Protein chains: 2
Amino acid sequence: MPTDLNDLPSSADVFSAAQRISDFIHCTPLINSRQINDLSCASVWFKCEHLQKVGAFKARGACNALSQLPAETAMVATHSSGNHGAALAWAAAERGLACTVVMPETAPLAKRAAVAGYGAEIVICGPTLADREQALQRVVEQTAAHVVPPFDDSRIIAGQGTVALEIVKQCRAQGFTPDIIIAPVGGGGLLAGIGLAVAALAPEIIVIGAEPAGADDAQRSLRGGVHITTQTPDTIADGLRTTLGQRNFAVIRSTVRDVVTVSEQGIIRAMQLLWTRTKQLVEPSAAVALAAVLEHDARFRNKNVVAVLTGGNMDLNRVSELFGEAEEAQ
Amino acid sequence: MPTDLNDLPSSADVFSAAQRISDFIHCTPLINSRQINDLSCASVWFKCEHLQKVGAFKARGACNALSQLPAETAMVATHSSGNHGAALAWAAAERGLACTVVMPETAPLAKRAAVAGYGAEIVICGPTLADREQALQRVVEQTAAHVVPPFDDSRIIAGQGTVALEIVKQCRAQGFTPDIIIAPVGGGGLLAGIGLAVAALAPEIIVIGAEPAGADDAQRSLRGGVHITTQTPDTIADGLRTTLGQRNFAVIRSTVRDVVTVSEQGIIRAMQLLWTRTKQLVEPSAAVALAAVLEHDARFRNKNVVAVLTGGNMDLNRVSELFGEAEEAQ
């Protein structure tokens, strides 16, 4: 995919996206847990995007992208480890468009089932970004489908950023402005979108990204100032096994304070806390922001923090594998 | 425990309980799922008592009971498979009272951990109701603790019934009155309380109990008109492995339309639907009401149904055991 960095999204695009998609998506709840607050010595609010349409924030970007398609478009396609694919399949079905989703063989079965459930065609490929892009290229050559990339796309970034507009509004309705908004970063659509929204709406809020130490390209890119595009991600957070997009890097550099990394054990612990304390079924990627608050506690102590719970789609028969050891160790 | 049937709770007791406990408990949300509505051909609302204090409706009854203790009480005790024990431990800790909970060896570890986490002492016993009552009797002889029974108690029944006052209020705020309220029945505290509340507040609502076929004493008692007190419950719904209390039977006879039974497979399927569609982590017992709606669909078709999600406390390392087969079969 060619990248034209003149085509960067702006804060205004986030506000436009919010108007465009408001009839299609949920304004998801903001919840908290006294026990998690006590444990983290912070006031942590969770933005429940696992309760969004298709069970992930990705519905926002897909909906925004499909509301701006060229008029003659009959078919869309993308590559995705799962939630963007489901979101595009859902948004396409709502508009009567055909949809093909290239998915890595490592994608959770639940995510494949969701994509198929919305009526999209699935093409399975290898696990790397290169594998995905090659497979998608073949689909485009065969079908002339309009590609909606999972994150390196201005319409997607603007759409995902709408979550921050809701966060700020909901917090202000409760009488405070958050000190920090922290969100997981994979390709960087969500984080860049939040950065843009906050820069315009409440620049006093610090925006921080969180990623698994085994997929730390965003941190290395941001801290080193050079966009790192090669890595072999190794993490249970399947939604974050992607490298930062070019537009995403450009936006994040100018709007996001830092990216912190978390351990795999920290992700599992955070997910376990979310499941047992809030009773919310979030997927591993969604637990990464809380993992960061707990592993980098000095940074968040006594702050009002909003952590985005990005999605809730996972294979339930993998749960014991994730939680078995943690419970036995109690 | 002696049972004085002159000591039956009234509808007025439910209203009094609501006033007594309102500062301590949550008014839990009422949610729904388009996919579950489509699947059941009904409009099914879920009352989220898994989001209640201690993760279960039991907080209501325990809180109501402890707000009416004899003045000299320094210690309370009970027997419980889990959630009532945690609720009593929580309510006792709030009031600075000592608490002992007799728990069957089959109680989930997560529920034991919760009871211990609120600072109560745990006494482990065998799995039957007789085992529990004997162990509790020994505790009382040794400590002179005030016993707060898990369900066969007017204060408990009235406390649990407050959930129905919220349901009716929340539904009316959304512009409708439910046709049916359906709740799981084990000892019958919740079902009897709902029966009392509805009889006074909205007698046009039909109240139905749901229980596992492997613990069907409430159905047999209600349909046969004779209180059955002996059975060996066999079900994954650990919260429902009790037999109906005497006060509970007396109240349910006069306020509840029917009790329906569900299969173990139906409970697992309903739990899986709730986890994957609503992203709410509910325990097996909590899925029994939805299982009934799905297995007895003719009875609920095109109705406005409220199903009580009773709790969300379970051992996460048992999840694959429950869901493994269901997922493989898809």
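The values are calculated or read from the model by the stated rules, or taken from the named source; none is laboratory data. Because the structure is a prediction, the values reported are computed rather than measured. Note: ideal-geometry Cβ built from the backbone for every residue, glycine included; neighbour counts use all protein chains shown.
Here is how the numbers come out for the structure above:
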read-out: Residues located in the stretch B:81-122, provided they are within 12 Å of another protein chain (Cβ to nearest Cβ) and assigned to a loop (DSSP other than H, G, I, E, B); value: B:Pro108, B:Tyr118
read-out: Qualifying residue in the stretch A:186-199 (condition: over 19 Å from A:Asp315 (Cβ atoms) and within 14 Å of another protein chain (Cβ to nearest Cβ)); value: no
read-out: Qualifying positions in the stretch B:285-321 - in contact with a Pro (Cβ under 9 Å, 6 or more places away or on another chain) and part of a helix (DSSP H, G or I); value: B:Ser285, B:Ala286, B:Ala287, B:Val288, B:Ala289, B:Ala291, B:Ala292, B:Arg318
read-out: Enumeration of residues in the stretch A:313-329 that are more than 7 Å from chain B (Cβ to nearest Cβ), in contact with a helix residue (DSSP H, G or I) (Cβ under 7 Å, 6 or more places away or on another chain) and modelled with pLDDT under 70; value: A:Ala326
read-out: Criterion (in a helix (DSSP H, G or I), outside the structural domain of A:Arg299 (by TED's automatic domain parsing) and farther than 20 Å from B:Arg277 by Cβ) met by exactly one of A:Ala18, A:Ala65; value: A:Ala65
read-out: The listed residue being at pLDDT 95 or above and loosely packed, with under 15 Cβ neighbours inside 10 Å, out of A:Ile156, A:Ile124, A:Ile180, A:Ile167; value: A:Ile124
read-out: Residue list for the stretch A:134-150, filter: under 18 Å from A:Ser81 (Cα atoms) and touching a residue at least 24 places away in the same chain (Cβ under 8 Å); value: A:Ala135, A:Leu136, A:Val139, A:Val147, A:Val148, A:Pro149, A:Pro150
read-out: Cβ-Cβ under 6 Å pairs, at least 6 apart or on other chains, the stretch A:223-244 side crowded, with 16+ Cβ neighbours inside 10 Å, far side assigned to a helix (DSSP H, G or I) and aromatic (Phe, Trp, Tyr); value: A:His227/A:Phe249
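Conditions (1) part of a helix (DSSP H, G or I); (2) more than 30 Å from A:Ala56 (Cα to Cα); (3) within 14 Å of chain A (Cβ to nearest Cβ), marked per residue:
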{"residue": "B:Val226", "(1), (2), (3)": "no, yes, no"}
{"residue": "B:Gln231", "(1), (2), (3)": "no, yes, no"}
{"residue": "B:Arg253", "(1), (2), (3)": "yes, yes, no"}
{"residue": "B:Ile267", "(1), (2), (3)": "yes, no, no"}
{"residue": "B:Gln272", "(1), (2), (3)": "yes, no, yes"}
{"residue": "B:Thr276", "(1), (2), (3)": "yes, no, yes"}
